[in-house]
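Note sheet for the following structure.
What follows draws every value from the coordinates through simple rules; no lab data is involved. Quick caveat, the model's predicted, so the values are computed rather than measured. Every residue, glycine as well, gets a Cβ built from its backbone with ideal geometry; the counts of neighbours run over all protein chains shown.
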Amino acid sequence: NIEKNQKEKNNEGRNVKFIAQRNFNTKNTFSVLAKYVDENTTNEEQGIRVNIDVAFEIGVPIDEEEAQKWPQDLQEYYRDKYARMENGDKRKLLLNKIRILEEDVRSRRDNIKAKCQKLANEGVVYEMENSGNTRSQAYGVVYDKAYRNELAMIQDLIVKRQCTEVEVFMLSNLPLTDTVRETWTDEMFEYYQGKVVKSGQNRNTINKGIILEGTMHDEVGCDGSAWNMCVVVETRLKKKMVNKACENVFRLWNWVSNATDCNKGCRLAVGWDNNVIDANLLASHDQVMHFEVRIINDKRKFFISFIYRENEPKNRLKLWEYLSDHMKVVDNHPWVIMGDFNVIMYADEHSKGSIDNYHGVKEFRGCMEHLNMEDLAMNGFFLTWVQKIKDPENGIMKKLDKIMGNNEFLDQFGSCYATFLSYITSDHCPGLLTIPDVAVKRKKSFRFMNFLADKKEFHQLVRENWNEPINGYAMFVLVKRLKGMKKHLI
């Protein structure tokens, strides 16, 4: 019996190697491994566990759609086994999955014509009987349908491969930069957002700057080394708890809140490191707090306003009035505003591409145009609020949080930028305003006063300068002509 058991173990080892050698190809997915379950195994769940073990052993990726069909305990077994893998092994598994998907795409593309012809020949008679078309017409209809189905399946495989590339990137624990983001498709970025929300892989990605959103302790945790100024929006703290909470969060920093301006609780709490910046509170309201900030090491000054706009229609206009009044104080100095505006500005700032509050959007646009505010250069998440943080794909997402500056701010702090990080425990993305130490003067946009277009000599001036011969690519010619016009119109 001992010898028999030993032989069975040896054969089992050889079978695993045999599977790896014979089936390690484009068809080597979990469904293929299913037929290699021990024939004496009657427990279906135990058989699937064996398949999971074999797949991990020989480096065969398990299809996510297949895994979702399993009972909950098997899904947990699979996730636990994957979580316990070393990052290097996970990377190998994912790279193997990419290779398999690429081979599937290549194979389908190479055989698409032959497969569609076969399907058209098989279905032409049925199509003729049901449509009354001639054989040639029926053949074309069936062929076209089969061709479109194949293209859709190929596109699905391409998206799966791209999403797997995102998983490989996430294993590196690197922040998502503009350079990387530009190489991604929209599907890849949406997949990245969903994975980050589910995994919570963002607690160590906060950079230097000014944080915008968060719950009081887990998402802030100020120790004076991460950033220099912080605002916690929608704290939901009762007034009697504000002092204790802010002292615990901001610690050695200076801090102030608008608890006394709010009917219920505290909406905004602002802290800053007075070793790095001087911040003076100029005005405080229930929806906004205005500060004047001076950077100690280079003496630069700017105004900053932190926002939490109410949802109630009767109160929302007050915020626009507060900002318009503060504009008189700011005058022609640098000014940046940031926070939760609870309204979108354009249709593409809604996950469904629609505007659900036209009056609110119109008011918001009008106020920002009056203040001469525009969005800063940004990276990170575009849609900053999620309706269902645990299941973002099945909920609404919007860009409710913004960081904007006036022309004077953009001129003086031309190298500043905004970053919206991934969701943690709040349904809003943390937002960061980063102002690098080295000031880079921003190039001014091509603008001129509208009244110049009403002058008689305007059209003649434009015609003469625009028709000057310039050689080069179309965009180069356009830029040179605009520059040529600029000196005559300013």
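Of note:
- Relative packing of 236-242, 296-302, 377-383, 257-263, which averages over residues the other C-beta atoms within 10 Å, highest first: 377-383, 257-263, 236-242, 296-302
- Shown in residue order for region 476-487 are the 3J(HN,Hα) couplings computed by the Karplus curve 6.51 cos²θ - 1.76 cosθ + 1.60 at θ = phi - 60°: 4, 4, 4, 4, 5, 5, 5, 5, x, 6, 4, 5 Hz (x for Gly and Pro).
- Exceeding the 31 Å Cα-Cα cut-off - candidates Lys314/Lys398; Lys92/Lys388; Lys238/Lys398; Lys90/Lys390; Lys160/Lys352: Lys92/Lys388
- FRET efficiency, Asn275 to His488 (Cβ-Cβ, R0 45 Å, nearest 0.05): 0.35
- Amide H within-cut-off set for Ser415, under 5 Å, with H built and near neighbours excluded: Val440
- Rg to Rh, two decimals, where region 398-439 supplies the alpha carbon set and Rh follows Kirkwood: 1.06
- Among 483-489, 473-479, sorting by the average number of other beta carbon atoms lying within 10 angstrom of each residue, highest first, gives 483-489, 473-479.
- Two-decimal Rg to Rh for region 299-425 - Kirkwood Rh, Cα set: 0.98
- Close amide H partners of Lys402, meaning residues 5 or more places away or on another chain with modelled amide H under 5 Å apart, are Gly339, Phe341.
- Calculated FRET efficiency, Phe189 to Gln46, Cβ-Cβ distance, R0 = 51 Å: about 0.80 to the nearest 0.05.
- Other-chain or far-sequence residues with amide H under 5 Å of Leu237's (modelled H): Cys266
- Residue-by-residue Karplus 3J(HN,Hα) for region 404-412, coefficients 6.51, -1.76, 1.60, Hz, glycine and proline x: 10, x, 7, 4, 5, 5, 5, 5, 7
- Per-residue HN-Hα couplings for region 115-121 [Karplus 6.51, -1.76, 1.60; θ = phi - 60°; Hz; x = Gly/Pro]: 5, 5, 5, 4, 5, 5, 5
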